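To start, the structure itself, in structure tokens.
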């Protein structure tokens, strides 16, 4: 089989609430699709993962009574469909043979994960005073106001992994693990969906390791990692060793609310497979990042 790359994109790149941002999102989506095509033409088989934060938040605001795991499943289908129809038209114009599969992906988490006791992941929109009093949710005060918070447990197992592998072996472009996957726990002899959000980048890292990918690309809003981000002495980082990356996280260079989880996900992947190319780059620069002409590489050395 050809070399495999897991390409992870954020949910914010796929949907925005204002017309102006929607135009910007359309441009980002076009760059993402261009990345996928460029990767294929460079000889890579592509597995695409994506976030779903804005989309889940919007759906929850319409019907908060629906179980959250079902909204995650719904957004996997919605976003996957949108990606697939846009990519398929380009593939057809290029006379390429690939087909695309959108796979609803279930991910096992531990019911005893401490994240369930201390939910911290904000979901949905800002709550009104009436909702704060009425709803039986865990609620936390955020910078913009009160929001529902849910657990963000660690992924243990991708339950549909063998299906992903089978599709890859058949030459299919696979869109999977959307929104970090549909979180489920084992209850007796059954699986049960839970109200939680699995970090998309952590799951993308686990997926890359499990399918023996040659590369993991996390696509984000910045062209590379920055040291002293936002300060006068800001500095681009083109490459980090594992030890350097760990030290910068410890020193607070990559906070939990921004680049921290992305960097940690790359660290985890490189730790598990020292030969895997693990990079962060902006949409439109995937192939360049693998050629070391853009982005930031985290390496085992």
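The values are calculated or read from the model by the stated rules, or taken from the named source; none is laboratory data. What you are looking at is a predicted structure, and each value in this text was computed from that prediction instead of being measured. Methodologically, a virtual Cβ is constructed for each residue, glycine included, from the backbone with ideal geometry; neighbour enumeration extends over all protein chains shown.
Before moving on, here are some points about what is shown:
- Strands (runs of 3 or more DSSP E) within the range 220-301 that include 2 or more residues within 18 Å of residue 32 (Cα to Cα) and in contact (Cβ under 8 Å) with a residue 24 or more places away in the chain: 277-281
- Any hit, the range 183-191, residues being outside any strand (DSSP E or B), in contact with a strand residue (DSSP E or B) (Cβ under 7 Å, 6 or more places away or on another chain) and within 21 Å of residue 47 (Cα to Cα): no
- Screening residue 24 with (1) crowded, with 16+ Cβ neighbours inside 10 Å; (2) at pLDDT below 85 gives one miss only, at (1).
- Filtered residue count, the range 78-106, keeping only those that are at pLDDT 95 or above and under 23 Å from residue 148 (Cβ atoms): 1
- Considering only residues in the range 192-218 that are assigned to a helix (DSSP H, G or I) and out of contact with any helix residue (DSSP H, G or I) (no Cβ under 6 Å at 6 or more places or on another chain), the one that is farthest from residue 158 (Cα to Cα) turns out to be 204.
- Boolean, residue 154 is surrounded by fewer than 24 Cβ atoms within 10 Å (Cβ to Cβ), free of Cβ contacts under 8 Å to residues at least 60 places away in the same chain and closer than 30 Å to residue 237 by Cα: yes
- Criterion applied to 60, 1 was being in a helix (DSSP H, G or I) and either surrounded by fewer than 22 Cβ atoms within 10 Å (Cβ to Cβ) or at pLDDT 90 or above (or both), and the one residue passing it is 60.
- Residue ID - nearest to residue 148 (Cα to Cα), chosen from residues in the range 68-77 that are surrounded by 16 or more Cβ atoms within 10 Å (Cβ to Cβ) and touching a residue at least 24 places away in the same chain (Cβ under 8 Å): 68
Per-residue answers, yes or no, for (1) surrounded by fewer than 21 Cβ atoms within 10 Å (Cβ to Cβ); (2) without any contact (Cβ under 8 Å) to a residue 24 or more places away in the chain; (3) touching a helix residue (DSSP H, G or I) at 6+ places or on another chain (Cβ under 9 Å):
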residue	(1), (2), (3)
55	no, no, yes
66	yes, yes, yes
93	yes, yes, no
138	yes, yes, no
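- Matching entry among 286, 272, 245 (being surrounded by fewer than 18 Cβ atoms within 10 Å (Cβ to Cβ) and either within 17 Å of the chain's Cα centre (by Cα) or closer than 17 Å to residue 202 by Cα (or both)): 272
- Residue check, residue 207 more than 23 Å from residue 255 (Cα to Cα) and surrounded by fewer than 18 Cβ atoms within 10 Å (Cβ to Cβ): no
- From the options 208, 221, 195, residue that is under 19 Å from the mean Cα position of the chain (by Cα) and closer than 15 Å to residue 5 by Cβ: 208
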